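Below is one structure; the comments refer to it alone.
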Amino acid sequence: MNTLRHFLVAFLLIFFVSVTALAQITDDAVWEMTRPTEPFKVIANVYYVGTGDVASYLITSDEGHILIDSGFEETVPLIEASVRSLGFKLEDVRILLNNHAHFDHCGGLKTLKDKTGAKLYSVKRQAEVLKTGGASDFRFGGEQIFKPVDPDKIIEDGEVVSLGGNELATVLTPGHTKGATTWTMKVSENGQIFTVIFLSSLSNLDYDLVANEGYPEVGSDFESTFDKLLKLKPDVFLGSHAGFFRMRQKFLAMRSGADKNPFIDPEGYRAFVLRMKQDFEKKREEQRSAGKEGR
């Protein structure tokens, strides 16, 4: 776990300083991203099987399951234990999806692919980073930081991933990474139809949003992503990190017998996207102003 901790602390330092302005990163922050947490049913056939903060989702069917995100390589055993504790078999996973190619979300994909024989689907803009183990990532690249894994199928923006009656619409939402991908699907529970969103990350970390040599279109990509996401009207708000959608608080409310499923939170979804959009716009304007002053 020492290598994992080294990369994780470096990543968290970038994330927290740029997004929440925390002065230092503690062992608690590292622990939260890797600690075991109780798996649970979110709604219908959608289950949370991730760690304390790094989300993974199991979408079940009689014809096999879909797993969104692998977490770290070191936390794959936690995902497997969570899947089994819910009464399902990891070997029945048929499709692997990844919301973006950072090691906390895709580090375990190769291990899961080998263990299950599942097919990995990816958008083209993300496939190369997965194949190089992160070495081709515009921000964290230069060296391999997770096990390289080859996608079995390249999917396009708007394409529907189907298995056992489950249909997940692919929504390309670049910015955080070039190939960041969000999914939406409809589920039925208690005679009602709900739209679930599995939102990719929207943070801009320490990125240069004005003149980024490694990702020149990062600013315009973020703009189009926010425009696209604000047009969506999901009912159930899920994301790549538990903190995005207040997973712990909602889980405790659900376990306490809340009258309404707390994960049905369209207002929370919109508020989160708007907050991230405002963070992006503020940072880009600050960078533009700094650039003008430097001339």
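The values are calculated or read from the model by the stated rules, or taken from the named source; none is laboratory data. Keep in mind the model is a prediction, meaning the values are calculated, not measured. Methodologically, a virtual Cβ is constructed for each residue, glycine included, from the backbone with ideal geometry; neighbour enumeration extends over all protein chains shown.
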Worksheet item: Does at least one position in the stretch 246-261 carry a residue that is aliphatic (A, V, I, L, M) and in contact with a Gly (Cβ under 8 Å, 6 or more places away or on another chain)?
Response: no
Discussion item. Residues that are touching a helix residue (DSSP H, G or I) at 6+ places or on another chain (Cβ under 8 Å), in a helix (DSSP H, G or I) and either without any contact (Cβ under 8 Å) to a residue 60 or more places away in the chain or within 24 Å of GLU38 (Cβ to Cβ) (or both): does the stretch 117-125 have at least one?
Written reply: no
Practice prompt. Just name the residue that is surrounded by the fewest Cβ atoms within 10 Å (Cβ to Cβ) out of those in the stretch 127-136 that are touching a Gly at 6+ places or on another chain (Cβ under 9 Å) and not small (Gly, Ala, Ser).
Written response: GLU128
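Quick check, is TYR207 buried (at least 16 other Cβ atoms within 10 Å of the Cβ) and outside any helix (DSSP H, G or I)? Write out each step before concluding.
Details: buried (at least 16 other Cβ atoms within 10 Å of the Cβ): yes; outside any helix (DSSP H, G or I): yes.
So TYR207 fits the description; yes.
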Worksheet item: Would you call VAL30 closer than 26 Å to SER203 by Cβ and either under 20 Å from the mean Cα position of the chain (by Cα) or modelled with pLDDT under 95 (or both)?
Response: yes
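Here is a yes/no grid of residues against (1) in contact with a strand residue (DSSP E or B) (Cβ under 6 Å, 6 or more places away or on another chain); (2) surrounded by fewer than 18 Cβ atoms within 10 Å (Cβ to Cβ); (3) basic (Lys, Arg); (4) at pLDDT 95 or above:
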position: GLU73; (1), (2), (3), (4): no, no, no, no
position: ILE79; (1), (2), (3), (4): no, no, no, yes
position: LYS110; (1), (2), (3), (4): no, no, yes, yes
position: VAL149; (1), (2), (3), (4): no, no, no, yes
position: SER162; (1), (2), (3), (4): no, yes, no, yes
Discussion item. Name the single residue that is nearest to the chain's Cα centre (by Cα) among those in the stretch 57-97 being without any contact (Cβ under 8 Å) to a residue 24 or more places away in the chain and part of a loop (DSSP other than H, G, I, E, B).
Written reply: LYS89
Discussion item. With the requirement that a residue be surrounded by 15 or more Cβ atoms within 10 Å (Cβ to Cβ), part of a helix (DSSP H, G or I) and basic (Lys, Arg), what does the stretch 229-268 give you?
Written reply: LYS250
Practice prompt. Please work out which one of (1) in contact with a Ser or Thr (Cβ under 7 Å, 6 or more places away or on another chain); (2) more than 27 Å from TYR47 (Cβ to Cβ); (3) part of a loop (DSSP other than H, G, I, E, B); (4) not aliphatic (A, V, I, L, M) is the condition ASP157 fails and give its number.
Written response: (2)
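Taking the stated definitions as given, is GLY291 exposed (fewer than 14 other Cβ atoms within 10 Å of the Cβ) and part of a helix (DSSP H, G or I)? Write out each step before concluding.
Values: exposed (fewer than 14 other Cβ atoms within 10 Å of the Cβ): yes; part of a helix (DSSP H, G or I): yes.
Yes, satisfied.
Could you check how many residues of the stretch 117-170 are of a type in the set (A, V, I, L, M, F, W, C) and within 30 Å of GLU213 (Cβ to Cβ)?
Going residue by residue through the stretch 117-170, those that are of a type in the set (A, V, I, L, M, F, W, C) are 118, 120, 123, 127, 129-130, 135, 138, 140, 145-146, 149, 154-155, 160-161, 163, 168-169.
Going one step further and asking which of them are within 30 Å of GLU213 (Cβ to Cβ), we end up with 120, 123, 127, 129-130, 135, 138, 140, 145-146, 149, 154-155.
Of the residues in that region, 13 qualify.
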